[in-house]
Structures are given as structure tokens and as C-alpha cells.
Amino acid sequence: MLVDDALRALPLLERHDGPLIDVGSGGGSPGIPLAAALPDREVTLLDAERRKCDFLGCWAPPNARVVWGRAEEQPLEAWGVALAKALARPPTAAEWCLPLVRTGGAAILWLGECAELDPLAAVSEQLGGGEPEMHDGLVVLPKVAATPPGFPRRTGLAKKRPLA
Ligand SMILES: C[S@@+](CC[C@H](N)C(=O)[O-])C[C@H]1O[C@@H](n2cnc3c(N)ncnc32)[C@H](O)[C@@H]1O
């Protein structure tokens, strides 16, 4: 079930080249099933909690590397796609993910069919992103321009004062 849920993103990933990052990977979903299904693609499994990273290190396939750290402190525009499932409220998750993605890439959020797209559109526009697209409960935020100056904001602000 968890595996099927992760693999729903496969058709969307075909549209964007480059390495993947699973932001707030926790127990490894969606990053580990996707890394196993795409052995030629580099995958970063990022989590802010060391204990989660220790767990991820036991299960990561050879094309996946585990990084212990916060999304706001990672290199900018270094990945083709950022993935996030159950990371934070959608505007916060979008703000953490979009700066990590290069122009032409995308952030993909596991939010469900009922997700509100208007607040996400407002956040996306401020971060060099385009209009959100819903695909089977996955929301795709295309990265259409470089991350504007001032982002990412100081650690903690995206959660404390969301952009929308
Ligand atoms: C609810 S868990 C979801 C885990 C997994 N994606 C899933 O769906 O089962 C959220 C994870 O995000 C991590 N996290 C929260 N804020 C983060 C941040 N700013 N940067 C990186 N990881 C973060 C937490 O440590 C936690 O493991």
C-alpha cells in the first residue's frame, strides 16, 4: 500500500530529469520505493531527525544517500524534483521544497484530491513556481524561474509565518 502510494509519482517523474530529494523522508516514503524503482536516478533521503536518518540508512538502496538536516539549510536548485509526503502544512512544504529544485524541475506534494490549490498557487508564485497541477492526489508545482532573493527564509519562519 505504502509502496503503491509512492509509485503513483512515476509517470510525473518521467517529465523531469535530474536527481530527486525526498524532503522529510521519515520512514522512507516516498523516497525508498521510488529509488528502488528508478535505480539509475540519484535520490537524497533528507530528514531533520537523526534517529530517522539512522533508520533510512539501513534501508536505502545503492542509488540513495541519506542526509541529516533541515530543508531550509540544503543547497539551492540542486535537484530536478523535490518530493514531500506528510511533511508540513502545504504552504510550508511548498516553501521548503521549491528552492531546492532547479528551473525546469518540480516539487511534488502528496496532498490528496481535496487539497486547496489557491494558497499553493500564491506560495508557488513567490518562489519561482508556476500554477499547481493536481494529478491523482499529487500536487505538482513546476519551477519556472530561479528562486527569488530572500528565500529560503530563516529556519522556522516558513512554519511560523506561512506565505499563504
Ligand atoms: C510526518 S513525517 C512523514 C514521513 C514520511 N514522508 C511519510 O510520509 O511517512 C515528517 C518528517 O519530516 C521531517 N521534517 C520536518 N521538518 C523538516 C525540515 N524542515 N527539514 C527536513 N525534515 C523535516 C520530520 O523529522 C519527520 O520525519
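Here the condition is being within 14 Å of the chain's Cα centre (by Cα) and farther than 25 Å from ARG161 by Cα; of TRP79, TRP96, it holds for TRP79 alone.
If VAL81 meets every condition in (1) open to solvent by less than 60 Å² (accessible area, probe 1.4 Å); (2) farther than 17 Å from PRO19 by Cβ; (3) in contact with a strand residue (DSSP E or B) (Cβ under 9 Å, 6 or more places away or on another chain) apart from one, which number is that one? All conditions are met except number (2). Inspect all residues belonging to region 111-118 and state whether any of them is modelled with pLDDT under 95, over 15 Å from the mean Cα position of the chain (by Cα) and within 16 Å of the ligand (Cβ to nearest atom). The answer is no, given that none of the residues of region 111-118 is modelled with pLDDT under 95, over 15 Å from the mean Cα position of the chain (by Cα) and within 16 Å of the ligand (Cβ to nearest atom).
I'd like to know if region 93-101 contains one or more residues that are within 14 Å of the ligand (Cβ to nearest atom), in contact (Cβ under 8 Å) with a residue 40 or more places away in the chain and of a type in the set (Gly, Ala, Ser). Within region 93-101, one or more residues are within 14 Å of the ligand (Cβ to nearest atom), in contact (Cβ under 8 Å) with a residue 40 or more places away in the chain and of a type in the set (Gly, Ala, Ser). Quick one: in region 60-78, of everything that is over 11 Å from THR44 (Cβ atoms), more than 11 Å from the ligand (Cβ to nearest atom) and in contact with a Leu (Cβ under 9 Å, 6 or more places away or on another chain), which residue is most open to solvent (accessible area, probe 1.4 Å)? Among residues in region 60-78 that are over 11 Å from THR44 (Cβ atoms), more than 11 Å from the ligand (Cβ to nearest atom) and in contact with a Leu (Cβ under 9 Å, 6 or more places away or on another chain), the one most open to solvent (accessible area, probe 1.4 Å) is LEU76. If you take the residues of region 9-56 that are away from the ligand (no atom under 13 Å from the Cβ), assigned to a loop (DSSP other than H, G, I, E, B) and within 15 Å of the chain's Cα centre (by Cα), which of them is nearest to TRP96 (Cα to Cα)? Top of the filtered list is PRO19. Restricting attention to region 26-37, the residues being surrounded by fewer than 17 Cβ atoms within 10 Å (Cβ to Cβ) and aliphatic (A, V, I, L, M) number 1.
The values are calculated or read from the model by the stated rules, or taken from the named source; none is laboratory data. Quick caveat: nothing in here was measured; it's all calculated off a predicted structure. Using ideal geometry, Cβ is built from the backbone for each residue, glycine included, and neighbour counts are taken over all protein chains shown. The area values use the complete protein model at the heavy-atom level, side chains included, leaving out ligands, DNA and RNA. Shrake-Rupley method; radii C 1.70, N 1.55, O 1.52, S 1.80 Å.
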